[in-house]
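Enquirer: I'd like to ask you about the structure that follows.
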Amino acid sequence: MRIIVNHATCQGHARCWAQAPDIFKLDDEGYILPGDINVAEGDELLASRGAQACPERALEIDRT
Ligand code: F3S
């Protein structure tokens, strides 16, 4: 599973990070770091919760 990060859409709400700080890394201003995230098997539930917590829909779940 992969999280596609639409960095330009991020508004720095940090709700992804609040769900899973080890998966969603933020910069010093609280914006998600650019670049897609490869999720380890055991982290999929947490990663999904974090992605779904984003009110801007900046984080897309890719299960292919
Ligand atoms: Fe950005 Fe959404 Fe996370 S706005 S910091 S990707 S909750």
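Nothing in this text is a laboratory measurement; each read-out follows from the coordinates by a stated rule. Since the structure is predicted, the reported quantities are computational estimates derived from the model, not experimental observations. Cβ sites come from the backbone with ideal geometry, for glycine too, and all protein chains shown count toward neighbours.
Enquirer: What are the residues in segment 41-55 that are assigned to a loop (DSSP other than H, G, I, E, B) and either of a type in the set (K, R) or under 11 Å from the mean Cα position of the chain (by Cα) (or both), if any? Explain how you work it out, then say what you get.
Expert: Initially, segment 41-55 is screened for residues assigned to a loop (DSSP other than H, G, I, E, B), giving 53-55.
Passing the criteria: A53, C54.
Enquirer: Here's something else I'd like to know. Among the residues of segment 41-50, write down those that are surrounded by 10 or more Cβ atoms within 10 Å (Cβ to Cβ) and more than 8 Å from the ligand (Cβ to nearest atom).
Expert: Initially, segment 41-50 is screened for residues surrounded by 10 or more Cβ atoms within 10 Å (Cβ to Cβ), giving 43-50.
Across segment 41-50, the qualifying residues are D43, E44, L45, L46, A47, S48, R49.
Enquirer: Considering only residues of segment 1-40 that are in a helix (DSSP H, G or I) and of a type in the set (G, A, S), which is farthest from the ligand (Cβ to nearest atom)? Even if it seems obvious, please write down each step before you answer.
Expert: From segment 1-40, those in a helix (DSSP H, G or I) are 7-9, 15-19; that's our starting set.
Imposing the further condition that a residue be of a type in the set (G, A, S) reduces the set to 8, 18.
Details: A8: 11, A18: 8 Å.
Only one residue tops the list, namely A8.
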